[in-house]
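Visitor: Got a structure for you, questions after.
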Amino acid sequence: MKNISSKLIFIVTILFLVGPLSAARIKDITSIKGARSNQLMGYGLIVGLAGQGDGRIEYTEQAIINALQRYGIKITKADKAKNVAAVMVTAEIGPYAKEGTKIDAKVSSMGDAESLQGGTLLQTALMGADQIVYAVAQGPVAVGGFKLGGGGEGDATVQKNHPTVGIISNGAIVEREIPMNVVENGSIELLLQNPDYMSAVRVADLVNSIHPDSAMAEDPTSVNVKIPERFRGQEVNFIASLGHLDVIQDNKARIIINERTGTIVATSNVRISKVAVSHGSLSINIDPSISVSQPNSFTSGGATSNADPNRALKIVYDKLGSPIIDEAGNPLRWGNVILGRNDEAILDRSGQMVRDLTGTIVRGRDIRELDNELDNLAANDATKFGANTEVVKTSDVSVSEAQGGFKIVNDYPTLERLTSALNSLGVTTREMISILQTMKQAGAIQAELIIN
């Protein structure tokens, strides 16, 4: 017999408190309007897949036919080309990318290919949203996973990561440069990655301290900077001189919760008002077990000829000679049970285990032997049920709830001190998340609560 214990398990809380922000370079917290990346996409074929390519997919077959026809090979079908897979090819061309620059290309299977491992992408044109070709990709595919096996007895396979997605490092060559215009009307515009009024004002003030009356915060996202006269024609030098300046960035008070992983991240400027927290813990334990009910030796499936026909009405006694009372408060009678031996449970006529008034399962060892008839079932029971080996599944469930604690949290200025108070109550990750949500609803947390 094997006991299997199953309990509710909670993820341990991981709380990151982001401390006071130190100065950051302007180039690390801003970008320049007009200097941006662009996305490219194309449709291509990967060959050399050793039988792991697409099956009979119409668009894959048509792509193979089109590719061969460009080389003067005329065919009408390509339904057995299992070494070929149709893929979508994507890339990102950065700002100021010149003709001949190499960029990475990513390939993703479109059909039912099992793996792209070992394949080579044929020359594929990559277009922008304007349907103009800006790069061409080609080369061997590197796949960060594999899929092995299959086809043998049981068709067993082993797979790691996603073998239908790969990358071609420096596999795309830029064929057309995308023009960038960062200077407009003699000024540039700095865009903050984390928009904030105070951060924008600080950036403008810092630039003005070096180049007076040149910068102005237009909104929480952008700071307009006029290029000084002495830097006209040397915009690159001017932008470089701004990039290394250190500024203290200001952010809103935020608490970010990842409920899937149990991670909580908060900025240092989170403030907590006076609040009272009550906490109770509910624990559920489920302990299933499996046992086998084995009939007595030489027991037939029919009626037992020497069984006492009046025994069905007789009361079942325990070892001490006292009647066994079931959960309903009625005496247990031989005609209402199927007898088990030793550690085997006693079953009622519906096949359920019999329990006494205390809820304890009645087993064969608890029954008093009457007239040496322990091995004989009542005739009506044997006729209905027979004597069979049965698997009996039982499950004990216990629920316990700890007494809740009521704790007053007095004007803690930061989340760090609040969590210390909650930890003293022994809360778990998910309980902590629920408490923070409730406190936000009560207006006790002066911060933005973000749940991923």
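Visitor: Averaged per residue, what accessible area in Å² does the range 57-116 show with a 1.4 Å probe, protein chains only?
Guide: Averaged over the residues of the range 57-116, the accessible area is 60 Å².
Visitor: Check Gly139: other-chain or 5+ apart residues with amide H under 5 Å from its amide H, H built from backbone geometry?
Guide: For Gly139, whose amide H was placed from the backbone, the distant partners under 5 Å are Leu121.
Visitor: Okay, which of the range 196-221 sit inside 15 Å, backbone N to the point 7 Å along the Cα-Cβ direction of Tyr96?
Guide: The answer is none.
Visitor: If you don't mind, another one. Just to make sure I understand: if all protein chains stay in place, what is the order of Val270, Val183 by accessible area at 1.4 Å, largest first?
Guide: Working: Val270 0, Val183 40 Å².
If we order Val270, Val183 from most to least accessible, we get Val183, Val270.
Visitor: Still on this structure, please answer the following. Would you mind computing, in nm to one decimal, how far apart the modelled labels at Asp130 and Glu58 are, each placed 7 Å from Cα along Cα→Cβ?
Guide: 3.4
Visitor: Taking θ as phi - 60°, what are the ³J(HN,Hα) couplings along the range 428-444 by the Karplus curve (6.51, -1.76, 1.60), each to the nearest whole Hz, with x for Gly and Pro?
Guide: These are the phi-based 3J(HN,Hα) values: 8, 4, 5, 5, 4, 4, 5, 5, 5, 5, 5, 5, 5, 5, 7, x, 8 Hz.
The values are calculated or read from the model by the stated rules, or taken from the named source; none is laboratory data. Note that this is a predicted model, so its numbers are computed, not measured. A quick note on method: Cβ atoms are made from the backbone with ideal geometry, for glycine too, and the neighbour counts reach across all protein chains shown. Quick note on the areas: whole protein, heavy atoms, side chains included, nothing else; ligands and nucleic acids left out. Shrake-Rupley method; radii C 1.70, N 1.55, O 1.52, S 1.80 Å.
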